[in-house]
Amino acid sequence: MDKSQRPRTTYHTTLINEDGLIGHAYAVGADEIDVKINTTSNDHLGTNPEQLLGLALTTCFNATLEAIEKRDGYEHRTKVKADVDQAHDTHGFQFFVDVTVYIPTDEVDRQTAQAWFELAESRCPVSKLVSGSNNVTFTLVDHWED
């Protein structure tokens, strides 16, 4: 979609990576951050695209669930986990992301939990971004395991 056809944005940030996999990436402007970036193949400190993707997805999805809980008069108790794997592809690499969502059944019944799960999946901007990929799964579970 051309920028001129997009709806009015509610937030904008600019992120820059000039170093590739080893170095840093940063956001400019009012929300300025600087993040150490590192490849998964060495033991130096820093994050990587797999972790950033997982953090973006889990944070956005759980924040969406939190808004749903608040709307319905519940305390925030949901949890979201993403397992991110990198594998070889025909042309380089690909990611596989398995998202696990826990909504306590002592908070709401299973039918309500399923409705919240489906609503969050349809509202979370990061979920919408990856929803067409066969490499991403979302699963609602009854028990949380770290």
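The values are calculated or read from the model by the stated rules, or taken from the named source; none is laboratory data. Only a predicted model underlies this, so the values are computations on that prediction, with no experimental measurement involved. Cβ sites come from the backbone with ideal geometry, for glycine too, and all protein chains shown count toward neighbours.
The listed residues are Leu57, Leu21, and the only one of them that is among the hydrophobic types (A, V, I, L, M, F, W, C) and either in the same structural domain as Pro125 (by TED's automatic domain parsing) or within 25 Å of Leu119 (Cβ to Cβ) (or both) turns out to be Leu57.
For the range 97-119, what are the residues that are surrounded by 12 or more Cβ atoms within 10 Å (Cβ to Cβ), over 21 Å from Gln51 (Cα atoms) and not acidic (Asp, Glu)?
At the first step, the residues of the range 97-119 found to be surrounded by 12 or more Cβ atoms within 10 Å (Cβ to Cβ) are 97-105, 107-108, 112-119.
Restricting the remaining residues to those that are over 21 Å from Gln51 (Cα atoms) gives 103-105, 107-108, 112-119.
Within the range 97-119, Ile103, Pro104, Thr105, Val108, Thr112, Ala113, Gln114, Ala115, Trp116, Phe117, Leu119 meet the criteria.
Taking the criterion of being of a type in the set (S, T, N, Q) and touching a residue at least 40 places away in the same chain (Cβ under 8 Å), the residues of the range 60-94 that qualify are Thr64, Gln86, Gln94.
Out of Asp89, Asp85, Asp109, report the one residue that is under 21 Å from His143 (Cβ atoms) and charged (D, E, K, R). Give the steps one after another, and end with the answer.
Working: Asp89 fails: under 21 Å from His143 (Cβ atoms); Asp85 fails: under 21 Å from His143 (Cβ atoms).
Among Asp89, Asp85, Asp109, only Asp109 is under 21 Å from His143 (Cβ atoms) and charged (D, E, K, R).
Every condition in (1) on the phi > 0 side of the Ramachandran plot; (2) not assigned by TED's automatic domain parsing to the domain that holds Ser131 is met by Ala27 except one, and the failing one is (1).
Here the condition is being within 20 Å of Ile22 (Cβ to Cβ), over 14 Å from the mean Cα position of the chain (by Cα) and not basic (Lys, Arg); of His88, His44, it holds for His44 alone.
Among strands (runs of 3 or more DSSP E) lying entirely in the range 1-42, which contain 1 or more residues that are small (Gly, Ala, Ser) and in contact with a strand residue (DSSP E or B) (Cβ under 8 Å, 6 or more places away or on another chain)?
Here the list reads 23-28.
Here Thr139 meets each of (1) touching a Ser or Thr at 6+ places or on another chain (Cβ under 7 Å); (2) outside any strand (DSSP E or B) with one exception, condition (2).
Taken over the range 64-96, the residue count meeting the criterion of being within 29 Å of Thr112 (Cβ to Cβ), small (Gly, Ala, Ser) and surrounded by fewer than 17 Cβ atoms within 10 Å (Cβ to Cβ) is 2.
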